Amino acid sequence: ARQIEAAGASVLTVHGRTTEAGEGRKLGVHLADWSKIKAVKSALRIPVVSNGNLVEGSDVLDALRYTGCDGVMSGMGLLSNPTLFAGLEAGLAEVELERHSRSDSAAGEGDGGSDDG
């Protein structure tokens with residue numbers, strides 16, 4: 001992933017299915033390992049999009065929270081649930097607020113916590 005970023009990619013989409021897990025296709029199982037996607041996101045500075053294991057709207061929010069990715073995409077989940085992304089505005093806003101709160105907290109830790117100017 002770092003080589004892709006170094007080569008000039010401006011965004012990367014990652015489906016966290018390993019070669020071994022890919023064999024599950026024969027059984028109708030398509031599981032992505034979000035921890036692998038999270039590791040890629042942590043290693044890069046460019047935006048990363050998570051792909052995999054999105055069946056319900058709550059999965060979208062869970063994927064964003066767990067992986068820290070900048071977005072999600074879905075293929076198979078949309079085939080079985082065309083309204084997968086419908087009605088997620090409030091949840092997406094909440095995820096964004098959580099991220100800003102964490103980044104503000106992290107920034108405050110680095111300056112000794114003093115804000116009395």
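The values are calculated or read from the model by the stated rules, or taken from the named source; none is laboratory data. Note that the structure is predicted; figures quoted are calculated from it, not measured. Counting neighbours? That spans all protein chains shown, and the Cβs are built from the backbone with ideal geometry, glycine included. Calculation scope for accessible area: heavy atoms of the full protein, side chains included, ligands and nucleic acids excluded. Shrake-Rupley method; radii C 1.70, N 1.55, O 1.52, S 1.80 Å.
Miscellaneous remarks
- Each residue in region 89-117 was checked for being open to solvent by 100 Å² or more (accessible area, probe 1.4 Å) and modelled with pLDDT of 90 or more, and 2 of them qualify.
- Yes/no for G75 being small (G, A, S), surrounded by 14 or more Cβ atoms within 10 Å (Cβ to Cβ) and out of contact with any strand residue (DSSP E or B) (no Cβ under 7 Å at 6 or more places or on another chain): no
- Residue match in region 55-74 (condition: in a strand (DSSP E or B), closer than 22 Å to T19 by Cβ, hydrophobic (A, V, I, L, M, F, W, C) and in contact with an Asp or Glu (Cβ under 7 Å, 6 or more places away or on another chain)): no
- Of the residues making up region 37-56, those that are small (G, A, S) and surrounded by fewer than 21 Cβ atoms within 10 Å (Cβ to Cβ) number 3.
- Checking A32, A86 one by one, the residue that is crowded, with 16+ Cβ neighbours inside 10 Å and either at pLDDT 95 or above or not acidic (D, E) (or both) is A32 and no other.
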